[in-house]
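*Asks:* Supplied in structure tokens, the structure appears directly below.
The values are calculated or read from the model by the stated rules, or taken from the named source; none is laboratory data. Bear in mind that the values here come from a model prediction, so they are computed numbers and not experimental data. Heads up, the Cβs are rebuilt from the backbone with ideal geometry, glycines too, and the neighbour counts pull from every protein chain shown. Keep in mind that these areas ignore ligands, DNA and RNA; they rest on the heavy atoms of the full protein, side chains included. Shrake-Rupley method; radii C 1.70, N 1.55, O 1.52, S 1.80 Å.
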Amino acid sequence: MAHILVVEDEQDVCEVVVAALKAEGHDVTATGDGIAAIVLLKDALRDRQPFSLVICDIRLPSLSGLSVCDFVRLDPRLAGVPFLFLSGLGATEQRLAGLSRGANDYLAKPFALDELIARVNWLLQNSSSGSADDTEAPNPLEQKTLDALLRDIVHNARHGTLHFLLQDGSRGQIAFREGKAAAVVGDGVAPLEEQLRRLFSGQAKMFHFA
């Protein structure tokens, strides 16, 4: 079990990420504010319960995630803590800017929830061991896309349910049987057809297939 700080001002994204990390057995603290994140980091050090990992958005109220990363890297007590950016800024130059501030990894929205968990596990394992294991390190300039996932589902006739969270906060599910959509369920926030139009036009923030 690891002590993880999640700094994310989009409440719907934060709730899903926190729930997924807790399901993995981690102790998770969350905030949506950059200054509050620094206070929590300092408090954890004072209480001798430092965070094992920081997951941080870039665009935050009061103080940017880049500045939070700077604080972590400049404090010798925190300098070795893995730092993962989770941001809506996904261009290569934006990823490189985050990595140049000292972040270990970078995921852009929309992101696959299972990929986030896999990257978190890799960072925690290699941070605690002090050396890289035999598993190839994640590439912060590459990540799973929704289009690639859908192609995989259809071409490989996969079974499962695609869960998605859209930019307007609405959610839905598509159940697949042998690569074909067997059932589609929305949450009623928006008409189902409109939800699917937004999903396939690139308006997702997060997705997960299981």
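*Asks:* Which residue fluctuates most in the GNM of the chain (Cα springs below 10 Å): 80, 188, 65?
*Replies:* Looking only at 80, 188, 65, the biggest GNM fluctuation is shown by 188.
*Asks:* OK, next. So how far apart, in nm, are the two label points at residue 180 and residue 3 if each is 7 Å from Cα heading toward Cβ?
*Replies:* For the pair residue 180/residue 3, the computed spacing is 5.3 nm.
*Asks:* Would you work out the relative contact order for the chain, in percent, from Cα pairs under 8 angstrom that are 6 or more residues apart?
*Replies:* Details: 352 pairs, mean separation 31.8, N = 210.
Dividing the mean separation by the residue count of the chain yields 15 percent.
*Asks:* Which value, in Å³ per residue, describes the convex hull spanned by the Cα atoms of the stretch 6-110? Show your work: numbers first, answer last.
*Replies:* Details: hull volume 9.5 nm³, N = 105.
Convex hull of Cα atoms, per residue: 90 Å³.
*Asks:* When the chain is treated as a GNM, springs tying every alpha-carbon pair under 10 Å, which of 52, 100, 127 comes out with the largest mean-square fluctuation?
*Replies:* 100
*Asks:* On a C-alpha basis, how far is the centre of the stretch 1-40 from the centre of the stretch 60-119 in Å? Whole number, if you could?
*Replies:* One Cα centre to the other: 14 Å.
*Asks:* Given the -39500 (n - 2.57) contribution per DSSP H run of 4+ residues, what per-residue ellipticity at 222 nm results for the chain, rounded to the nearest 500 deg cm²/dmol?
*Replies:* After summing the helix terms and dividing by the residues of the chain, the value is -12000 deg cm²/dmol.
*Asks:* Taking the Cα centre as origin and putting +1 on Lys and Arg beta-carbons and -1 on Asp and Glu beta-carbons, what dipole magnitude results for the chain, to the nearest 20 debye?
*Replies:* 80 debye
*Asks:* Where the accessible area of the chain is counted over protein heavy atoms with a 1.4 Å probe, how much of it, in %, is carbon and sulfur? Could the numbers behind the result be given before it?
*Replies:* Details: 5360 of 10350 Å².
After summing per-atom areas, the C and S share lands at 52 percent.
*Asks:* Let me ask you something else. What longest region of the chain stays clear of trypsin sites (Lys or Arg not before Pro) that DSSP places outside H, G, I, E and B and that have at most 13 other Cβ atoms within 10 Å?
*Replies:* The longest uninterrupted stretch comes out as 78-210.
*Asks:* Now a separate question. Given the chain, what count of lysine pairs have C-alpha atoms under 27 Å apart, with each pair 8 or more places apart or on different chains?
*Replies:* Lysine pairs satisfying the spacing and distance rule in the chain number 10.
*Asks:* While we're on this one: Can you give me the angle between helix 34-46 and the longest principal axis of the chain, using Cα atoms only, in degrees from 0 to 90, rounded to the nearest 10?
*Replies:* The angle comes out at about 50 degrees.
*Asks:* Of 35, 4, which has the most accessible area and how do the rest follow, probe 1.4 Å? Write out the running numbers ahead of the final one.
*Replies:* On the way: 35 90, 4 0 Å².
Per-residue accessible area, sorted high to low, gives 35, 4.
*Asks:* Which shape class, rounded, prolate or oblate, goes with the stretch 156-206 when its Cα gyration tensor gives a ≥ b ≥ c as root eigenvalues, a/c under 1.5 marks rounded, and past that a/b bigger than b/c marks prolate?
*Replies:* prolate
*Asks:* Shifting gears a bit: With no solvent and one equal point scatterer placed on each C-alpha of the chain, evaluate the Debye formula and give log10 I(q)/I(0) for q = 0.18 Å⁻¹, two decimals.
*Replies:* For the chain, the Cα-only Debye profile gives -1.30.
*Asks:* Nearest 10 degrees, 0 to 90: what angle lies between the long axis of helix 65-74 and the longest principal axis of the chain (Cα atoms)?
*Replies:* 30 degrees
*Asks:* Can you give the net charge of the other residues whose Cβ lies under 13 Å from the Cβ of residue 23, counting K and R as +1 and D and E as -1?
*Replies:* Surrounding charge for residue 23 is -3.
*Asks:* In addition: Measuring from label point to label point, each 7 Å out along Cα→Cβ, what is the residue 125 to residue 77 span in nm?
*Replies:* Reported label-point gap for residue 125 and residue 77 is 3.1 nm.
*Asks:* Output wanted: per-residue J couplings in Hz (rounded whole) for the stretch 142-154, from phi through Karplus 6.51 cos²θ - 1.76 cosθ + 1.60, θ = phi - 60°, x for Gly and Pro.
*Replies:* Karplus-based 3J(HN,Hα) across the stretch 142-154 equals 9, 7, 5, 10, 5, 4, 5, 5, 5, 4, 5, 4, 6 Hz.
*Asks:* Rolling a 1.4 Å sphere over the protein heavy atoms, what is the accessible area per residue of the stretch 72-208, to the nearest Å²?
*Replies:* Values: 7080 Å² over 137 residues.
That works out to 52 Å² per residue.
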